[in-house]
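Heads up: the structure comes next, in structure tokens.
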Protein chains: 2
Amino acid sequence: MELKEIKEGSLVGIETTEGAYRGILMPRSELADKGHLVIKLDNGYNIGIEKSKITQIELIEKKREKEEIELKKAVSDPGKVNVSILATGGTIASKVDYVTGGVHSAFSADELISAVPELQGIANISGKQVFNKFSENVNPGDWVKIARAVYDEVKNGACGVVVTHGTDTMGYTSAALSFMLKTPAPVILTGAQRSSDRGSSDAAMDLICAAQFAAKADFAGVFVVMHGEPSDSYCLIHPGTRVRKLHSSRRDAFKTVNDKPLGKADVNGNIEYLKDSNSYRFFIEKNKKDRLELDTKLEEKAALIKYFPGLNPEMISYLVNAGYKGIVLEGTGLGHVNENLFKSIKQAIDSGVTVAMTSQTIFGRVNMRVYATGRNLLNAGVIPCEDMLPETALVKLMWVLGHTNKAEKAREMMLTNYAGEITKRTTVE
Amino acid sequence: MELKEIKEGSLVGIETTEGAYRGILMPRSELADKGHLVIKLDNGYNIGIEKSKITQIELIEKKREKEEIELKKAVSDPGKVNVSILATGGTIASKVDYVTGGVHSAFSADELISAVPELQGIANISGKQVFNKFSENVNPGDWVKIARAVYDEVKNGACGVVVTHGTDTMGYTSAALSFMLKTPAPVILTGAQRSSDRGSSDAAMDLICAAQFAAKADFAGVFVVMHGEPSDSYCLIHPGTRVRKLHSSRRDAFKTVNDKPLGKADVNGNIEYLKDSNSYRFFIEKNKKDRLELDTKLEEKAALIKYFPGLNPEMISYLVNAGYKGIVLEGTGLGHVNENLFKSIKQAIDSGVTVAMTSQTIFGRVNMRVYATGRNLLNAGVIPCEDMLPETALVKLMWVLGHTNKAEKAREMMLTNYAGEITKRTTVE
């Protein structure tokens, strides 16, 4: 068959002098010159093939035209619990655009639900679109929108809420919901690392596992449920304040930091808890409706500054002059920064800015009493954030400063464990 | 025995109604109120003990007075290679101060060598003090000092150089030396997570393994050698541009990111390579003296900005106005930031600032062609840093901008693999 007879977007088999390939024929774009064509393999990767080496091209399946997804009308089953799916965008709602080779948002909440018929077997599912954004564009104000939407769903009888969300900033949003919501129903964020029209997509499995846990969890709180390991065996259940995307592309990119994940959930609804029930003391007991609370007050003038050799003290002064109320430092090791920053940090604190310390090691705990550097920073009034993730500390500081402008109260709140974000030391040091 | 008869700093055994403890009696300090005393356990941790619960105190060993370490005169053995140890400070040169309970620098290079007699069996060891700093205080200018000192040692006949360094910013310094030095001798950074007077100190083992590798390595380049796993079995050999401190306190805190470590070294001089020799193509063959080159040109006006939801575009404009020549963004996922930053990023690039993208996922690679966000940033001129660590990308950008102020040359250099910091994709995407 001739290449020109095959429509872009079709599934093709190509034999070359160097081997055979099978994939979707991509449009000529900036990625390929005239001497190459590009196909998208089943694993989601694009490869370029030299035209001069092609010996045969076979059309396996014509380009599928946009399918109209028929929205299935959910039938309420009184024997099942109600689970709401709130869609906010991200890769889970995306598909590959075969014109640009890129990925864009395509599915609404209803379309997502219809595309995954397994959901209807798990619970009475209803869906709402909160907004449709890739998560790098999610702002602190969007956390408030999501928190309000979750609150409404729980108030209206949802026994569990699944929030579909882009993976890039899912950890920040899960931390924000953890502080903003006290909920008698489990709230589960999930998403996908690969879009749903890729063979290797994790979209359906993540969504099903999240819905299973939303329907069956023994306790409430805010969680992230995402692919647990390279194969499709289970998803991990991560606490909302301790979860971090630790790989740019792997499906099992999300890890619980400084603790074990809470458990595993699979598509069949098997839930395995990895921690004893004592560990869940910060998660409210399920189905105590009177415990539903929403508290979205937020001070957005807070910044996360990662320390690096050469960081100029003027960066701190700039933030103070620009009206920032809080700064989370991502220091080195046990919670250090260069001594040439001490003066500007002290000035920031003296002028009413709350400054908190975390570590760029990601894993481990700050301990600012071991070295003189740490003790000097403590004496200046820097708040040591224990084993809190830097990202969680930033979100928490925004939330704390939404509630107080008093330094002592802010310190007390930053060091209070509201949602499992801090594990206290067991020894005095 | 009465508590008041025991000198602070002495080793004591304490029996209480709740159990028995053994450790160094610490001075009363801000850590303990009048009702408590504090002892430092063998594992290095301090614990507070309620005085009212103490049933017996036993003096096990009186406070040791400052020991004068006798400097051993090294005897040159023509059958052994010459290894230089350059000391820059850090925990490896520290001990606990029993007055404050803190840790401070105590040992010079000569004292370090004398304190670890095993070193003399490995090579003809000589030592020099470059400076004495905790590594959070190491500035880009200090990288130049270390690079020059290493250059001098190799030029003067060292077959291997060990640089002792604080662990907090060791990864930044190892990246800097990787770009600044072409060396026919292996250059090994090492340090300690726990000071040498703690029972759990890793100082001696790390130093011995580093010296073993300095003496026996089959190839040259810049490496970090640190504890490999929780026990004392071996150290790992990390490439200088891919190593990161990934725990605040564990002895095995250092990990090679996006690759395997190069190998293992133990105190007995066994070297096990974990990668095949092809992987070492960026490390210069050992003992080709003519290959020694030093190139320390550095532009210090470069910043690392970690993206977070709420990051204000004015932060970018501030850096441009403050005269910064380069910005490394630590974006989300595949290399994204909020679309509300595009304009300020474009303006920065248009005004001559080099902007490069890395990922805060730490692991994985940026891929800015998958989503519109990434493509828009590429179109604006942002340089995608492949699988380079954000910290390495910052150091590299400082070094690149020390060599050119032309945008296209800077881009070309940032995307050139100089010292194993980039692994290219094998597929076109």
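The values are calculated or read from the model by the stated rules, or taken from the named source; none is laboratory data. It should be emphasised that the depicted structure is a prediction, and the values quoted were computed from it without experimental measurement. Positions of Cβ are generated from backbone atoms using ideal geometry, with glycine treated the same way; all protein chains shown enter the neighbour counts.
What number goes with the only condition from (1) outside any helix (DSSP H, G or I); (2) among the polar types (S, T, N, Q); (3) closer than 24 Å to B:Met180 by Cα that B:Thr361 does not pass?
Here B:Thr361 meets the rest and fails (3).
So which of B:Glu67, B:Glu50 is more than 28 Å from the chain's Cα centre (by Cα) and either at pLDDT below 65 or in the same structural domain as B:Pro230 (by TED's automatic domain parsing) (or both)?
B:Glu67
Tell me yes or no: at least one residue of region A:75-87 is within 14 Å of another protein chain (Cβ to nearest Cβ), assigned to a loop (DSSP other than H, G, I, E, B) and modelled with pLDDT under 85.
First, pick out the residues of region A:75-87 that are within 14 Å of another protein chain (Cβ to nearest Cβ): none.
Scanning region A:75-87, I find no residue that is within 14 Å of another protein chain (Cβ to nearest Cβ), assigned to a loop (DSSP other than H, G, I, E, B) and modelled with pLDDT under 85, so the answer is no.
For region A:95-104, indicate whether the set of residues that are under 30 Å from A:His36 (Cβ atoms), assigned by TED's automatic domain parsing to the domain that holds A:Asn270, crowded, with 16+ Cβ neighbours inside 10 Å and at pLDDT 85 or above is non-empty.
Checking region A:95-104: not a single residue is under 30 Å from A:His36 (Cβ atoms), assigned by TED's automatic domain parsing to the domain that holds A:Asn270, crowded, with 16+ Cβ neighbours inside 10 Å and at pLDDT 85 or above.
Kindly indicate the residue of region A:277-326 that is of a type in the set (Val, Ile, Thr) and within 24 Å of A:Asp152 (Cβ to Cβ) and also modelled with the lowest pLDDT among those meeting that condition.
A:Ile284
With the condition kept exactly as written, say whether any residue in region B:404-426 is over 21 Å from B:Ala176 (Cβ atoms) and within 11 Å of another protein chain (Cβ to nearest Cβ). Break it down into steps so the answer makes sense when it comes.
Keep residues of region B:404-426 that are over 21 Å from B:Ala176 (Cβ atoms), which gives B:406-408, B:424-426.
From what is left, the residues that are within 11 Å of another protein chain (Cβ to nearest Cβ) are B:425-426.
So far as region B:404-426 goes, yes, one or more of its residues are over 21 Å from B:Ala176 (Cβ atoms) and within 11 Å of another protein chain (Cβ to nearest Cβ).
Can you report the number of residues in region A:132-184 which are over 11 Å from A:Val222 (Cα atoms), β-branched (Val, Ile, Thr) and in contact with a strand residue (DSSP E or B) (Cβ under 7 Å, 6 or more places away or on another chain)?
Count: 5.
Find the residue count for region A:117-157, including only residues that are within 14 Å of chain B (Cβ to nearest Cβ) and β-branched (Val, Ile, Thr).
3
Kindly check whether there is at least one residue in region A:375-383 that is assigned to a loop (DSSP other than H, G, I, E, B) and within 11 Å of another protein chain (Cβ to nearest Cβ).
Checking region A:375-383: not a single residue is assigned to a loop (DSSP other than H, G, I, E, B) and within 11 Å of another protein chain (Cβ to nearest Cβ).
I'm trying to understand the selection: among the residues of region B:274-291, which are within 23 Å of the chain's Cα centre (by Cα) and in contact (Cβ under 8 Å) with a residue 40 or more places away in the chain?
B:Tyr280, B:Phe282, B:Phe283, B:Ile284
Only strands (runs of 3 or more DSSP E) wholly contained in region A:247-354 count here; list those with 1 or more residues that are within 14 Å of chain B (Cβ to nearest Cβ).
In region A:247-354, the matching strands (runs of 3 or more DSSP E) lie at A:254-256, A:302-306, A:326-331.
Okay, residues lined up against (1) touching a residue at least 40 places away in the same chain (Cβ under 8 Å); (2) surrounded by 23 or more Cβ atoms within 10 Å (Cβ to Cβ):
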| site | (1), (2) |
| --- | --- |
| B:Ala211 | yes, yes |
| B:Phe219 | yes, no |
| B:Phe223 | yes, yes |
| B:Ser233 | no, no |
| B:Arg242 | yes, yes |
| B:Ser248 | no, yes |
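Does region A:357-376 contain any residue that is surrounded by 24 or more Cβ atoms within 10 Å (Cβ to Cβ) and more than 21 Å from B:Met170 (Cα to Cα)?
The answer is no, given that none of the residues of region A:357-376 is surrounded by 24 or more Cβ atoms within 10 Å (Cβ to Cβ) and more than 21 Å from B:Met170 (Cα to Cα).
Among (1) in contact with a Cys (Cβ under 7 Å, 6 or more places away or on another chain); (2) without any contact (Cβ under 8 Å) to a residue 60 or more places away in the chain, which single condition is B:Leu334 missing?
(1)
Would you mind finding the one in B:Ile24, B:Ile60 that is assigned to a strand (DSSP E or B), surrounded by fewer than 16 Cβ atoms within 10 Å (Cβ to Cβ) and modelled with pLDDT of 80 or more?
From the options B:Ile24, B:Ile60, the qualifying one is B:Ile60.
Given (1) touching a residue at least 40 places away in the same chain (Cβ under 8 Å); (2) more than 11 Å from chain A (Cβ to nearest Cβ), identify the lone condition not met by B:Phe363.
(2)
A:Gly160 fails exactly one of the following numbered conditions: (1) within 14 Å of chain B (Cβ to nearest Cβ); (2) of a type outside the set (A, V, I, L, M); (3) buried (at least 24 other Cβ atoms within 10 Å of the Cβ). What is the number of that condition?
(1)
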